[in-house]
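The values are calculated or read from the model by the stated rules, or taken from the named source; none is laboratory data. Remember, predicted model here, so these are calculated numbers, not experimental data. Using ideal geometry, Cβ is built from the backbone for each residue, glycine included, and neighbour counts are taken over all protein chains shown.
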Amino acid sequence: MRSQIILTALLTFIAACSGGSGGAPAGSAVPMPSQQTRRDPNVITRAEIDQADWATNAFDLVQRLRPTFMRASGTTGVSGAPRTAIVRLNDQDMGEFGALRQITLSSVQEIRYYSATDATAKFGGLRGRPVIHVTTK
């Protein structure tokens with residue numbers, strides 16, 4: 001089920017990006033950033049959050065703007081299952097990425113993705129898991 005949701009989000013993202021105008025495809029409710037605007041694939045900025053009036057929480061925002069944040073890492077645990085990102089809010093562990101649903105966007109300054117390697121170096125013993133780090137204003 002989770003794989004199906006991720007696949008659907010990815011296909012929607014690809015379809016939205018294939019519009020040739022550089023703006024939102026005709027009939028799209030989600031504005032697409034200008035093709036001339038460079039964005040960090042690992043960061044959702046406050047400017048992007050301000051433009052996402054369609055998003056109701058951090059989960060919706062990440063799912064639409066950076067669905068790759070939600071993919072499982074190549075690292076596997078003892079069970080052999082892929083490991084998903086841990087959500088941290090101002091350096092406090094919140095749990096799995098479903099915890100993003102509890103975070104309202106009005107107070108968010110930035111959402112940053114750290115790979116498992118970078119997260120371990122920055123935050124310490126996370127057992128090889130990536131981190132979605134949410135910083136508030």
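Of all residues in the stretch 86-137, those satisfying the criterion of being within 13 Å of residue 58 (Cβ to Cβ) and hydroxyl-bearing (Ser, Thr, Tyr) are 104, 106, 107, 113, 135, 136. Scanning the stretch 45-66 for residues that are within 16 Å of residue 89 (Cβ to Cβ) and touching an Asp or Glu at 6+ places or on another chain (Cβ under 7 Å) gives a single hit, 46.
Conditions tested, residue by residue: (1) of a type in the set (Lys, Arg); (2) within 18 Å of residue 128 (Cβ to Cβ); (3) modelled with pLDDT under 90.
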residue: 40; (1), (2), (3): no, no, no
residue: 56; (1), (2), (3): no, no, no
residue: 62; (1), (2), (3): no, no, no
residue: 66; (1), (2), (3): yes, no, no
residue: 71; (1), (2), (3): yes, yes, yes
residue: 75; (1), (2), (3): no, yes, yes
residue: 78; (1), (2), (3): no, yes, yes
